[in-house]
Amino acid sequence: MNESKFVIVGGGMVAGYAAKQLVELGLTSGELAILSGDTSIPYERPPLSKGFLAGRDTEESIRINSEDFYREHGIEVRLGCRIASVDPEHKRLSLQAGGEFRFDKLIVATGAQPQTLDIPGAELANVRYLRSLDDSKAIRQRAQNVKRAAVIGGGFIGMEVAAVLAQNGVEITMILREDRIWKQFFSPQMSGFFETYYTARGVRFIKMATVRELRGDGTVNSVVLGDGQSIASEMVVGGIGVRPVTELLANSGIEVADGVMVNEYLETSAPGIFAAGDVANYQDVLFQKRRRVEHWDNAVSQGQYCARALMGERTPFKHVPYFFSDVFDLSYELWGDPSVADNIIHRGDLSTNSFSVWWLRKTAVVAAFIMNRPDEERDVAPKWIESKQVVSAEKLADASNSVLAASEP
C-alpha cells in the first residue's frame with residue numbers, strides 16, 4: 001500500500017500553492033503526495049480564459065511550480081489518478097485504478113466541474129466547456145477555423161471567452177438567460193457599461209433566452225432558442241455554472257451539501273481532513289455566513305492556509321473574497337460580497353472605462369469594484385471591507401474628492 005504523511009486529492013491551484021507553502025515551512029522530502037486527475041502538473045486557472053486562450057501564454061508559463069520543484073523537494077505527483085472513495089476512519093483512499101493510498105492528513109481539493117447542456121444536440125462536436133488546460137487548448141485550436149460562435153451564459157467565464165474569441169476575429173453571440181450581463185454581481189449600470197463596450201466590439205447579445213436545441217451534422221452549426229430563433233454557430237461554448245466534485249466522499253460520513261462542509265478552520269467533520277478551493281463550503285468569519293467561492297484568489301489563499309494548518313497552525317481562515325478579470329483592453333477587480341448590500345454607490349463616470357462601485361450595508365462597506373481608478377481606491381477597498389469601515393455615501397459618490405474623505409470614525 002502506498003502512503004504519505006500529507007496527501008492532496010486534486011491537482012489544481014490549491015495543490016500547487018499548498019505544496020509551495022509547505023516547502024517554505026520546511027516540508028521534509030517524501031512527506032507530500034498530490035493525487036491529480038488532471039493531465040498536467042498544477043497550473044494557474046485564470047489564463048485559461050485569458051492569456052493562454054488568446055495564445056499569449058504558454059503551458060510552461062502558467063505552471064505554479066516547475067516539474068523540477070516537485071522532484072527536488074521529494075513531492076510525489078500522480079497525474080491521471082482518480083479517487084473512488086475516502087475512508088476517514090482508517091485514513092486511506094481507494095483508487096479507481098485499483099489499490100489504496102494511506103495518509104495521516106488529507107486536503108480534499110477536487111474543485112468543480114462545468115454544468116453541461118442537457119438538450120438535443122449537446123453531444124455534437126465543437127460544443128465546448130472551459131475548466132481545464134485541455135479545454136482551453138481545444139477551444140483555442142477550434143476557434144482558428146470558425147467564423148461564428150455562440151457563448152451561452154453571461155457570467156465571468158462567458159464574458160472572458162467571448163472577449164478573447166471576438167478579438168481573434170470570431171463573430172460572437174452571447175445568449176443570456178437573464179435580462180443583463182453578470183446579473184449576480186453587476187449593478188444595472190455596470191451591466192449597461194459592459195454590454196455597450198462589448199457591442200461596440202462586435203459582440204451580439206440575446207437576453208432572456210433559453211436554448212432549446214443544438215443542430216448540426218456531426219458538428220454543431222446552429223443554436224435554436226426557445227422562441228424558435230436559429231443562430232448560426234460553428235462552435236458553442238457553455239458557461240452555465242459549475243458543480244463541486246464531491247462523489248469520492250459518498251458514504252464516507254463526511255458532511256457534503258453544496259460542496260464539502262468545513263468549519264472556520266477549513267476542517268471537515270472528519271479529524272485530519274480538510275477541504276479547500278472550489279469544493280469547500282466554509283464558514284466565513286468576516287461575513288458570518290457560509291460561502292463557497294469559485295475564484296483564483298480563494299484557491300490560492302485556502303491552499304496556503306491548509307498548508308500552515310498541516311504544520312500545526314490553528315487560527316480561523318479570515319479572508320476578503322477577491323476576483324479579477326481582463327476583457328478586451330479592460331482590467332478590473334472586485335472584493336467582498338455584493339449580495340449582502342442594501343445600497344450601491346457609483347463613483348466616477350460610467351460612460352468611461354474609469355469608475356468604481358461600492359456596496360454598503362447600512363453605512364459599512366461590504367464590497368467594491370475598481371477599474372482604472374487611483375491606487376488609493378484599490379488600497380482601501382479590502383481594508384474597508386475587512387474592518388467594516390463606516391463611510392458617507394454622499395462623500396463616496398463625489399469622485400472629485402479623495403476616497404479617503406468618505407471614511408468616518
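Restricting the search to segment 317-345, which residues are open to solvent by less than 60 Å² (accessible area, probe 1.4 Å) and within 30 Å of Leu32 (Cβ to Cβ)?
Within segment 317-345, Phe317, His319, Val320, Pro321, Tyr322, Phe323, Phe324 meet the criteria.
Among the numbered criteria (1) open to solvent by less than 10 Å² (accessible area, probe 1.4 Å); (2) in contact with a helix residue (DSSP H, G or I) (Cβ under 7 Å, 6 or more places away or on another chain); (3) without any contact (Cβ under 8 Å) to a residue 24 or more places away in the chain, which one does Val256 miss?
Checking Val256 against (1) open to solvent by less than 10 Å² (accessible area, probe 1.4 Å); (2) in contact with a helix residue (DSSP H, G or I) (Cβ under 7 Å, 6 or more places away or on another chain); (3) without any contact (Cβ under 8 Å) to a residue 24 or more places away in the chain, the one that fails is (1).
Say whether the condition of being farther than 23 Å from Phe194 by Cβ and open to solvent by less than 30 Å² (accessible area, probe 1.4 Å) is met by at least one residue in segment 346-361.
Taking segment 346-361 and keeping what is farther than 23 Å from Phe194 by Cβ, we get 361.
Narrowing the set further to residues that are open to solvent by less than 30 Å² (accessible area, probe 1.4 Å) leaves none.
Checked segment 346-361: no residue is farther than 23 Å from Phe194 by Cβ and open to solvent by less than 30 Å² (accessible area, probe 1.4 Å).
Residue check, Glu408 against (1) among the charged types (D, E, K, R); (2) surrounded by 14 or more Cβ atoms within 10 Å (Cβ to Cβ); (3) modelled with pLDDT under 95, all met but one. Which one?
(2)
If I go through segment 138-169 residue by residue, how many of them are in a helix (DSSP H, G or I) and either in contact (Cβ under 8 Å) with a residue 60 or more places away in the chain or hydrophobic (A, V, I, L, M, F, W, C) (or both)?
First, the residues of segment 138-169 that are in a helix (DSSP H, G or I): 138-143, 156-167.
If we keep only those that are either in contact (Cβ under 8 Å) with a residue 60 or more places away in the chain or hydrophobic (A, V, I, L, M, F, W, C) (or both) too, we end up with 138-140, 142-143, 156-167.
The qualifying residues number 17.
So that you can scan it fast, the table gives a plain yes or no per residue for (1) on the phi > 0 side of the Ramachandran plot; (2) modelled with pLDDT under 95; (3) open to solvent by 20 Å² or more (accessible area, probe 1.4 Å):
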{"position": "Gly121", "(1), (2), (3)": "yes, no, no"}
{"position": "Gly158", "(1), (2), (3)": "no, no, no"}
{"position": "Val170", "(1), (2), (3)": "no, no, no"}
{"position": "Ile181", "(1), (2), (3)": "no, no, no"}
{"position": "Tyr197", "(1), (2), (3)": "no, no, yes"}
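Being under 10 Å from Gly259 (Cβ atoms), assigned to a helix (DSSP H, G or I) and of a type outside the set (Val, Ile, Thr) is the filter; apply it to segment 270-306 and report the residue that is most open to solvent (accessible area, probe 1.4 Å).
The residue in question is Asp278.
Can we say Glu213 is among the acidic types (Asp, Glu), more than 19 Å from Gly158 (Cβ to Cβ) and either open to solvent by 40 Å² or more (accessible area, probe 1.4 Å) or assigned to a loop (DSSP other than H, G, I, E, B) (or both)?
Values: among the acidic types (Asp, Glu): yes; more than 19 Å from Gly158 (Cβ to Cβ): yes; either open to solvent by 40 Å² or more (accessible area, probe 1.4 Å) or assigned to a loop (DSSP other than H, G, I, E, B) (or both): yes.
Yes; evaluated as a whole, the condition is true for this residue.
The values are calculated or read from the model by the stated rules, or taken from the named source; none is laboratory data. Note that this is a predicted model, so its numbers are computed, not measured. In this analysis, Cβ positions are derived from the backbone assuming ideal geometry, glycine residues included, and neighbour counts consider all displayed protein chains. Just the protein is used for accessible areas: all its heavy atoms, side chains included, with ligands, DNA and RNA removed. Shrake-Rupley method; radii C 1.70, N 1.55, O 1.52, S 1.80 Å.
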